[in-house]
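Below: one structure, written as structure tokens.
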Amino acid sequence: MTKNILLGHGSGGKLSHDLITNLFVKYFHNDILDQQTDASVLKPGSELISFTTDSFVVDPIFFPGGNIGKLAIAGTVNDLAVSGAKPLYLSASFIIEEGLPFKDLEEIVKTMSEEAEKAGVKIVTGDTKVVDRGKCDKVFINTTGVGALDIKRQKIGLGTEIKAGDKVIINGTLADHGMCIMSVREGLGFQAEIESDCASLNRMIGEVLEVSEQVKFMRDATRGGLATVLCELAESRKLGFEIDESKVPVKENVRGICELLGFDPLYVANEGKVLMIVGNNDAEKVLETLKKNEFGKEAAIIGEVTDEHHGKAWITTGIGGRRIIDMLAGEQLPRIC
């Protein structure tokens, strides 16, 4: 552990992993938290619920394809949906810097209302705090979500039923959100504007779960990107993964900017992408279902689970080589969500 907190501790990569494991889990340890899923599965009565929380500090707060408000709703809805739950209720808490234009706050809140309606969830409680100028960067938002979980889907967030031969599916192109934020924040002014993929995916995920009972794991590939999800899953489940780089969808303009700036699309944050591990027999059916949805038109099967090199994810590169996918060691892009 370092002596001081670094930006990299918020990256979603190895530093984040170490911070969570060596500090928060160490002191907050319990059987539910120790599972370290995007959303916890709880049983307060006879029914199961999925419960999650997230905070959003993205800079800038407005960007092509959305704003911090849309991000807050979609991010929390997606964390519930990838656990296999049906998102129902959200809270929304705001920390606002004195001097923020009222019209900006209204636009953010209006967008949150619209995105919640699209996702079919209700914002039912919240809180507001205002701090002195310079004590917060415009506005930070925390959202907490609750969803209903069918008992037959309670293991999706854990991935305990994954086995060799299962297929790895992504619902669309990688790195759109991260490169969008990078471009706007740094004023790079690329001719081909990149839009964030920020979106609530619960309806698309619901369509998949209706046609297949072989969805064994889901996780939205946000901070740390697809690579971090694969690394964490390989390590926790002691399985191997083989990914084919040529099948991983990336928009050409996004790929070009990543190459120009030295970013690997596998590690760049997404806000509208879900990784699914699906039984081999249902993989094509799931892919077909995804492609019928507006958020899954570019879905692809990008690899499979293997019984070799347990605990590691490997990728076959475009030139035929192979390399291990390591967890992101530092910070690629701070304040991406």
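Each reported figure results from applying straightforward, stated rules to the coordinates on display, with no laboratory input. Note that the coordinates shown come from a computational prediction; the quantities given were computed from them, not determined experimentally. Cβ: placed from backbone, ideal geometry, glycine included. Neighbour counts: every protein chain shown.
Quick look at the values:
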| read-out | value |
| --- | --- |
| In order through the stretch 201-217: 3J(HN,Hα) via Karplus (6.51 cos²θ - 1.76 cosθ + 1.60), integer Hz, x for Gly, Pro | 9, 5, 5, 5, 4, x, 5, 5, 5, 6, 9, 9, 9, 10, 7, 9, 6 |
| Separation of the residue 91 and residue 213 label points, Cα + 7 Å toward Cβ, nm | 3.6 |
| Amide H within-cut-off set for residue 139, under 5 Å, with H built and near neighbours excluded | 97 |
| Gain upon complete extension [residue 161, residue 62; 0.36 nm per residue less C-alpha separation] | 31.6 nm |
| Peptides ranked, highest mean first, by Cβ atoms within 10 Å: ranges 225-232, 39-46 | 225-232, 39-46 |
| Per-pair calculated FRET efficiency, R0 = 41 Å: residue 4 and residue 261 via Cβ, rounded to 0.05 | 0.90 |
| Sparse-neighbour loop sites [trypsin sites (Lys or Arg not before Pro); the stretch 133-173; at most 13 other C-beta within 10 Å; DSSP] | 133, 135, 163 |
| Net charge of neighbours whose Cβ lies under 13 Å from the Cβ of residue 25, counting Lys and Arg as +1 and Asp and Glu as -1 | -2 |
| Extension reserve of the residue 297-residue 235 stretch, reckoned as 0.36 nm per residue once the Cα distance is removed | 19.3 nm |
| Amide H partners (placed H, <5 Å) of residue 123, local residues excluded | 90 |
| Contact order relative to length of the chain, as percent, for alpha carbon pairs under 8 angstrom and 6 or more apart | 25 |
| Shape category assigned to the stretch 88-219 from the gyration tensor of Cα positions, a/c cut at 1.5 | oblate |
| Residue-span extension gain [residue 122 to residue 109] - 0.36 nm each, minus C-alpha spacing | 3.3 nm |
| Those GluC sites (Glu not before Pro) in the stretch 29-129 that DSSP places in a loop and that have at most 13 other beta carbons within 10 Å | 47, 98 |
| Karplus-derived 3J(HN,Hα), 6.51/-1.76/1.60, for each residue of the stretch 60-67, Hz, glycine and proline x | x, 7, 10, 7, x, x, x, 8 |
| Backbone N under 16 Å from the residue 55 label point (7 Å along Cα→Cβ), restricted to the stretch 86-129 | 92-97, 127-129 |
| Rounded if a/c under 1.5, otherwise prolate or oblate - the stretch 167-324, Cα gyration tensor axes | oblate |
| J(HN,Hα) series, the stretch 86-99, from Karplus relation 6.51 cos²θ - 1.76 cosθ + 1.60, nearest Hz, glycine and proline x | 9, x, 10, 10, 10, 9, 9, 10, 10, 10, 10, 7, 3, x |
| Contact order normalised by residue count of the stretch 167-324, Cα under 8 Å, 6+ apart, percent | 43 |
| Computed [θ] at 222 nm, helices only, for the chain once each DSSP H run of length n ≥ 4 contributes -39500 (n - 2.57) | -8500 deg cm²/dmol |
| Label-zone membership for the stretch 132-171, site residue 46, 7 angstrom Cα→C-beta point, backbone N under 20 Å | 147-154 |
| Cubic angstrom per residue, convex hull over Cα atoms of the stretch 1-98 | 154 |
| Alpha carbon centroid spacing (whole Å) that separates the stretch 286-325 from the stretch 268-284 | 8 |
| Placed amide H near residue 306: partners under 5 Å, 5+ positions off or other chain | 165, 240, 241, 242 |
| Pairwise centroid distance, computed over Cα atoms, of the stretch 160-223 with the stretch 1-46, Å | 22 |
| Bridge type composition, the stretch 37-153 - antiparallel percent by DSSP, nearest 5 | 75 |
